[in-house]
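Single-structure report; data block below.
Values quoted throughout were computed directly from the atomic coordinates according to the rules given, and no laboratory measurement underlies them. Predicted model, so just to flag it, every value in this text is computed and none were measured. Backbone-built Cβ (ideal geometry, glycine too); neighbour counts: all protein chains shown.
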Amino acid sequence: MGYSIKVEENTMWLTLSNNITLQEARNLSESIPPYINQNINELHIDMSQVDFIDSGGLGILVKLFKQIKEKGGKMVVTNVRDTVRQVLKVTKLIDVFEIR
C-alpha cells in the first residue's frame, strides 16, 4: 500500500492508495499516530484510490478517529468510492465518520 502525508500547521492530509488490508493497517498504525500526538487536530483522509477495505483497515480508521477525537479534533474522510462506502454503510461507520 502506498500513502502520502502532507502536514500544514494543525492539519494533516493523508492520501491512501490501493487497498487497506490488515498488513497496510499495521503500517498506518505505526506511521500516523506520532503525527496526531503532536499538534494535529484535523485529519483529512482521501480515499479516492481505495477500492477495498477489510476489517484491519476499518480498525485503523476507528483507531485514528478515536485518537483525534480524544484531542478534541476531527477526522474527515473524503472521496470514498462506492465499494468502500458500502462497507462503511454495512458496518454503520458511515454514521460515525464525517464523510465528504
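Below, the figures for the structure above:
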{"read-out": "Other-chain or far-sequence residues with amide H under 5 Å of T78's (modelled H)", "value": "I45, D46, M47, R100"}
{"read-out": "Three-way shape call for the chain based on the alpha-carbon gyration tensor, with the a/c threshold at 1.5", "value": "prolate"}
{"read-out": "Relative contact order (percent, whole number), region 2-99, Cα cutoff 8 Å, 6+ residue spacing", "value": "28 percent"}
{"read-out": "Calculated FRET value between S48 and E70, using beta carbons and R₀ = 41 Å, to 0.05", "value": "0.90"}
{"read-out": "Proximal charge balance of S17 [Cβ under 11 Å; K/R count +1, D/E count -1]", "value": "-3"}
